[in-house]
Structures are given as structure tokens and as C-alpha cells.
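**Student:** Take a look at the following structure, please.
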Amino acid sequence: MTYETILTETRGRVGWITLNRPNALNALNTTLMSEVVEAAEAFDVDPGIGAIVVTGSAKAFAAGADIKEMEAKTSVEMIVDDHFGAWSRFAAVRTPTIAAVAGYALGGGCELALMCDLVIAADSARFGQPEITLGVIPGMGGSQRLARAIGSYKTADLILTGRTMDAAEAERAGIVSRVLPADRLLDEVADIAEGIAAKPLPALYAATAALDTALETPLAEGLRFEKQAFAALFATEDQKEGMAAFREKREPRFRHR
Ligand code: HXC
């Protein structure tokens, strides 16, 4: 499939999406949004794919929503067209998603990373929600996902001042899973993604659903969901195989992977 603003590639069981608008620091325009969502959904329904990586360039993961594209919009257009609405389809992907972030992840770029299950950052990464400097606020989940992930005080510091955090601060705050040297980012993310994609799909899907549930529900409801999902996995061949392989001291041969 040929896209205008992204590159896609399948490597083994991993689907790669590389944002590719170098002249605009990968600003998220509507074409890019549609293409990322289409590519992610295509990988998501493919049982040959067990992990999806989203990455950008060395300079920018993405410098935010495309300011030039949205500048002249009216409030009514934003509401009626649901201008950024398709991103919720990216967030709903069941396959584990990994953001491999180097350089700027600002505004919608930071929010796109936050929609992924893992955020692996190069030491060159900078995260921020600078929308306030443009007279707006985050609109793709920044205020909500950040507040849940790192607390309201740290979130307020980012959203009200518009300042950025480097990778080390972002890791300490809790929105970065791991920080890696920039020159090793893509190789190490490839290893991490392959390791995830080698796990059985039914358990991977249950795990991402449980993680989403943790963010979306009160604790008692989340614990009920987890218990049900855990029990349901005992109906899978992969659970029998995984536990038999442990007992027999051998590598599991998962069927659904
Ligand atoms: C459109 C952008 C862009 C953006 C950069 N560019 N960010 N175009 N939308 N978000 C373009 C620049 O206009 C420029 O094009 C080219 O990319 C290179 O950018 P420079 O500014 O020249 O690079 P540099 O000096 O290195 O500065 C990098 C930067 C700066 C600090 C990241 O570009 C910047 O501040 N960008 C905007 C960041 C931002 O405010 N993001 C939040 C957007 S609002 P030309 O043609 O001039 O060479 C948002 C809302 C999300 O994301 C909510 C959705 C509902």
C-alpha cells in the first residue's frame, strides 16, 4: 500500500508505521491522520501481526497537529467535522502499539504517543503540550491521558506553561516506558516489538483490553474485568501450551502467534 504521508512495512510479525512529512516535522494533518488510522487498522485485523510500531524521524516524532491546516477553522467546523475524531480509532487498536519517539513529540504528537501502549524514547526526545501558546488546549486526549498517567500537578505544569520535558523527566514522570540512546532506538524497539509479537494473540488482546480498562473504569470494575479476562484465557490452546512448556522445561510453541 502506498501512502502520501507515512511509510509502512511489515517485518516478521511487526507492523511499522513511519510518519513521513519531514518538511513539517511530521505535523499531523488530516491526510496523515487517515493514513495512520487506516494502516493501524489493517495491521490490527491481520492475525500475522502481533505488535505495531509508530515512529517518526530523528528530529521529530511529530510536532503536533498541523497548525497551518487548522488555523482558519471555525468552532462549528471543528465540532461538526469532528476534525480529529479518527484518532480515537487508532487508540482503539487491540494489537499492542509502541511509540518509538525521537526528537519532538509536541501537542498532538505527544498525544499520539500517549495513545500507544508503550512509549520508548530516545534520549533526544522532548515531550510537551504547548497548545496554550497557540490559544487552545490539548484536544486529542492530552489533558485526560496525561492527568491519569502522571497526575494533575505535573500535567498542569505542562499544559499551563507550554514547556517541554526531556526524555529523562518524561520517564521519571511516568509517560515513558524506557529511554534509549538515540542511535539504538529503532534496533532496540524492533527487538522489543518482536518479543511482544511472539506472544500469543489472545493473551496480548486481553492484556491491552485490561490496560485500557484500568484507565477507563473505577478499580472494582477493572478488577472484575481482569478476573473474567484471566479466566477466559484458560479456554485457549495457548494457555495449555504455555503452562505445559513451563512444566516440560521447553520453549512454548504458541498456535495463535
Ligand atoms: C504545521 C509545522 C508544525 C505544526 C512545525 N511545522 N511544526 N507546521 N504544524 N505543528 C513546520 C514549520 O512551520 C516549518 O515549516 C517546519 O515544520 C520546520 O519547523 P521549524 O519551526 O522551522 O523548526 P525548528 O525551528 O527546529 O522548531 C521546531 C519546533 C517548532 C520547536 C518543534 O516547529 C514548533 O514549535 N512547532 C509547533 C509545535 C506546536 O505548537 N505543536 C502543537 C500544535 S497544536 P516551514 O514551511 O516554515 O519551513 C496541537 C493540538 C492538538 O497539536 C490537538 C488536536 C485536537
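**Student:** Quick one: Karplus J couplings for the range 204-209, per residue in order, coefficients 6.51, -1.76, 1.60, θ = phi - 60°, nearest Hz, x for Gly and Pro?
**Tutor:** Per-residue couplings from phi come out as 4, 5, 5, 5, 5, 5 Hz.
**Student:** OK, next. Report, ordered by chain and residue number, the lysines lying within cross-link reach of residue 68, taken as a straight Cα distance under 23 Å and ignoring same-chain residues fewer than 8 apart.
**Tutor:** Counting by Cα, and skipping residues close in sequence, residue 68 has these lysines nearby: 59.
**Student:** Moving on to the next point. Taking the Cα centre of the chain as origin and charging only Cβ (+1 Lys, Arg; -1 Asp, Glu), how large is the dipole, in debye to the nearest 20?
**Tutor:** The dipole magnitude comes to about 780 debye.
**Student:** Roughly how many Å is it from the Cα centre of the range 211-226 to that of the range 173-198, as a whole number?
**Tutor:** For the range 211-226 versus the range 173-198, the Cα centre distance is 26 Å.
**Student:** Hey, how many Å between the Cα centroid of the range 74-107 and the Cα centroid of the range 1-26?
**Tutor:** 16 Å
**Student:** Go through the range 131-145 residue by residue and turn each phi into a ³J(HN,Hα) via Karplus (6.51, -1.76, 1.60, θ = phi - 60°); whole Hz please, and just put x for glycine and proline.
**Tutor:** In residue order, the calculated couplings are 4, 4, 6, 9, x, 10, 10, x, x, 10, x, x, 5, 7, 5 Hz.
**Student:** How far, in nm, would the chain grow between residue 245 and residue 215 when pulled straight, counting 0.36 nm per residue and subtracting the alpha carbon separation?
**Tutor:** 7.5 nm
**Student:** Then there is this: Considering only 164, 93, 28, whose Cα is most displaced toward the positive end of the charge dipole of the range 6-198, charges sitting on Cβ of Lys, Arg (+1) and Asp, Glu (-1)?
**Tutor:** 164
**Student:** Can you give the longest stretch of the chain with no exposed loop site, where a site means GluC sites (Glu not before Pro) in a DSSP loop (not H, G, I, E or B) with at most 11 other C-beta atoms within 10 Å?
**Tutor:** 72-247
**Student:** Between residue 76 and residue 133, what's the calculated FRET efficiency when r is the beta-carbon distance and R0 is 22 Å? Round to 0.05.
**Tutor:** 0.35
**Student:** Ordered by residue, what ³J(HN,Hα) values in Hz, to whole numbers, does the range 186-195 give under the Karplus form 6.51 cos²θ - 1.76 cosθ + 1.60, where θ = phi - 60° and Gly and Pro are x?
**Tutor:** Whole-Hz 3J(HN,Hα) from phi for the range 186-195: 5, 5, 6, 5, 4, 5, 4, 5, 5, x.
**Student:** Something else about it: Ignoring ligands, DNA and RNA, please state the percent of accessible area on the range 201-248 from carbon and sulfur, probe 1.4 Å.
**Tutor:** Result for the range 201-248: 68 percent of the exposed heavy-atom area is carbon or sulfur.
**Student:** For helix 237-247, report the angle its Cα long axis makes with the longest principal axis of the Cα atoms of the chain; keep it between 0 and 90° and round to the nearest 10°.
**Tutor:** 70 degrees
**Student:** Taking 8 Å as the Cα distance limit and 6 or more residues as the minimum spacing, I'd like the relative contact order of the chain as a percentage.
**Tutor:** Relative CO of the chain lands at 17 percent.
**Student:** Something else about it: Over the chain, with the other protein chains present, what is the accessible area per residue in square angstrom, probe 1.4 angstrom?
**Tutor:** Per-residue value: 52 Å².
**Student:** Give me the extension gain from residue 231 to residue 160: residue separation times 0.36 nm, minus the current Cα-Cα distance, reported in nm with one decimal.
**Tutor:** Full-extension gain reported as 21.2 nm.
**Student:** Now for a separate question. In whole percent, how big is the carbon plus sulfur part of the accessible area of the range 21-95, probe 1.4 Å, protein atoms only?
**Tutor:** About 56 percent, which is the carbon plus sulfur part of the accessible surface.
**Student:** Given 0.36 nm per residue, what is the gain on full extension from residue 178 to residue 153 after removing their alpha carbon distance, in nm?
**Tutor:** 6.8 nm
The values are calculated or read from the model by the stated rules, or taken from the named source; none is laboratory data. Computed from a prediction, not measured in an experiment: that's the story for all the values here. Here Cβ is always computed from backbone atoms with ideal geometry, including for glycine, and neighbour counts include all displayed protein chains. Calculation scope for accessible area: heavy atoms of the full protein, side chains included, ligands and nucleic acids excluded. Shrake-Rupley method; radii C 1.70, N 1.55, O 1.52, S 1.80 Å.
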